[in-house]
Amino acid sequence: MFKHVSFIPYATFKKDISIILITADQLKNRSFNFTDKDLSRSLIGLFESKIFTGDPGQTYPLALNKRFFLLVSLGAQKDITSTSLKILIKNSLLSPNLKDAKNIELICHDQKGSTIKCAIEGALLGTYSWNKYKSKTVDKNNIDEKNLYIISTKNKDLESNITICESTNFTRDLVNDNADFITSAFLEKTILSLVKGRKNISVEILNKKELKAKGLNLLLGVNQGSNKEPKLIIVKYTGSDKKDKYTALVGKGITFDSGGLNLKPTGSIETMREDMGGAAAVIGTLKNALALKIKKNIIFAVGLAENAIGSGSQKPGDVVISYSKKSVEIANTDAEGRLVLADAISYIIKNYEPERLINIATLTGACVIALGYDYSGLISNDDILTKNILKSSIETDDRAWHLPNYPELKDSVKSNIADIKNLGFPKGIAGTLTAAEFLRQFVGDTKWAHIDIAGTAFVEGTSRMYYGHGATGAGVRLLTNYLQNN
Ligand SMILES: [Zn+2]
């Protein structure tokens, strides 16, 4: 990520390099009005001689009067989407032409707020890379030593967007780091340091002892094979009048998911430090609420456990009495996220009475099969909540897609030996829907939505959309936008 990002009202053309984004339409119509006549003349010449054609993604380094430019073509205006724009901005900022530049100017093709927001996200989210454990000599992209100047008049909205991107990257750091470093104790410290000194905050932390005393046995059971402390951490943030109802966000935080005795095979286990991506998204959203002083009442909660293997591990076939007193058959120890969430949801609804509750979790591999990597799954029992989350998803490009929940699904979680079981239909059929149905059994009449980020939270290859390898921070922009507007 850049050392510093700021806005300057006019291009100076005096930084180490100026990146100029330009559409094919502007080139054809010669509708760029740089005060610098030499620059305009060069652009016309390059276009007319078919050297710089205006095709999307084409770049051309230009040295002119001892100044350096990187021309970047965006293609036809009608084909530009917010995603394609961010990808092109990301690629241009990572271009080898910028290798030695310390100060970079970015000149967009227009001055619309939505375009400048894409520039911010392309720059901050697009150039993020996880390199904590790479030695400096290996890391050739010194982006964290560079300053970026985006040409735009600054305003509160754009500055908020920078904050939101920074929190998204903060969440990515939490997900990317080693599972033995990002433990429940570490996440507790992280949350406490975020809220330190804030007057409108109260925090409740339930450790093993309290969880036992209060009967959150589903959460405890998942952690049974681990030497780390299970935790339910609840931050009550009062940003509005005390009498206003609270929205609760609940994140799944499995700091490592081995699958338990239903052990995950090679090929599935390697990235399982990402299984706290839901909790990390809630923590990133908390960071935003504090920084942006969101004027809403919000509960931020994370259920933290490690699904490890030991002689004390929970056994498939066990029956556990949940906090809600419903008995649950542990049909598969790898379906542990819903167990942690079920107790967390029941506890928050009973003790905090939120008006609505949104949980977020890397919950099911089935969601990746159904929707792939670019859309999170959204399941809810309330149409207005669904509509507003989808609206935030479109506004932020932190994408979600609505999947169904319906009464007949309750049969999918029936058990022969307990009230319900933590697995749905055989062969994983509709696994995302049946996992959500399991959660719905614990929400009662509360308005509820579940966001499954199993596919969206992490990039296993080198890149996807404008994200590089590793965590994407899925959910942070979506939840922040939702809270700001609802
Ligand atoms: Zn699992």
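So how strong a dipole does the chain carry about its Cα centre when Lys and Arg Cβ are +1 and Asp and Glu Cβ are -1, to the nearest 20 debye? Please report the intermediate quantities before stating the final value.
Numbers: 63 positive and 51 negative charges, 244 e Å.
Computed charge dipole of the chain: roughly 1180 debye.
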Under the helix-only model (-39500 (n - 2.57) for each DSSP H run of 4 or more, divided by the residues of the chain), the mean residue ellipticity at 222 nm, to 500 deg cm²/dmol, is -10000 deg cm²/dmol
Solvent-accessible area per residue, Å², over the stretch 4-136 with all protein chains present [probe radius 1.4 Å]:
50 Å²
Would you mind calculating the gained length between residue 319 and residue 25 on full extension (0.36 nm times residue separation, minus the Cα-Cα distance), in nm to one decimal?
99.3 nm
Could you give the angle, 0 to 90 degrees to the nearest 10, between helix 156-176's Cα long axis and the longest principal axis of the Cα atoms of the chain?
50 degrees
In order over the stretch 35-50: 3J(HN,Hα) from phi, Karplus 6.51/-1.76/1.60, θ = phi - 60°, whole Hz, x for each Gly or Pro, gives 5, 7, 5, 4, 5, 4, 4, 4, 4, 4, x, 5, 6, 5, 8, 6
Folded to 0 to 90 degrees: helix 113-124 orientation relative to the chain principal axis, Cα
70 degrees
Aspartates and glutamates within cross-link reach of residue 243: Cα-Cα under 13 Å, excluding same-chain residues under 8 positions apart?
353, 355
Of 158, 147, 206, which is farthest on the positive side of the dipole of the stretch 146-287, counting Cα position, with +1 on Lys and Arg Cβ, -1 on Asp and Glu Cβ, and the Cα centre as origin?
206
Given contacts defined as C-alpha pairs under 8 Å and at least six residues apart, what's the relative contact order of the chain, whole-number percent?
15 percent
Search the structure for amide H atoms under 5 Å from the amide H of residue 459, placed 1.01 Å from N in the peptide plane, and list their residues when 5 or more places away or on another chain.
470, 471, 472
Ignoring any ligand, DNA or RNA, what whole percent of the accessible area of the chain comes from carbon and sulfur when the probe is 1.4 angstrom?
52 percent
Apply the Karplus parameterisation 6.51 cos²θ - 1.76 cosθ + 1.60, with θ equal to phi minus 60°, to every residue of the stretch 345-352 and state each ³J(HN,Hα) to the nearest whole Hz, in sequence, with x for glycine and proline.
4, 4, 5, 5, 5, 5, 9, 10
Put +1 on the Cβ of each Lys and Arg and -1 on the Cβ of each Asp and Glu in the chain; which of 433, 27, 57 then has its Cα farthest toward the positive end of the dipole?
27
What does DSSP give for the stretch 164-485 in terms of the percent of beta bridges that are antiparallel, rounded to the nearest 5?
50 percent
Tell me which of 444, 238, 394 sits at the most positive position along the dipole axis of the chain, charges placed on C-beta atoms (Lys, Arg +1; Asp, Glu -1).
238
To the nearest Å, what is the center-to-center distance of the stretch 393-442 and the stretch 25-79, using C-alpha atoms only?
52 Å
What number comes out for accessible area per residue over the stretch 228-268 if the probe is 1.4 Å? Units Å², please.
40 Å²
Going by alpha carbons, how many degrees (0 to 90, nearest 10) lie between the helix axis of 82-93 and the longest principal axis of the chain?
60 degrees
Could you pull the Rg and Dmax for the chain, using just the Cα atoms, both in Å?
24.3, 81
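The values are calculated or read from the model by the stated rules, or taken from the named source; none is laboratory data. All values reported here derive from a predicted model rather than from experimental measurement. In this analysis, Cβ positions are derived from the backbone assuming ideal geometry, glycine residues included, and neighbour counts consider all displayed protein chains. These accessible areas exclude ligands, DNA and RNA; they are computed on the full protein's heavy atoms, side chains included. Shrake-Rupley method; radii C 1.70, N 1.55, O 1.52, S 1.80 Å.
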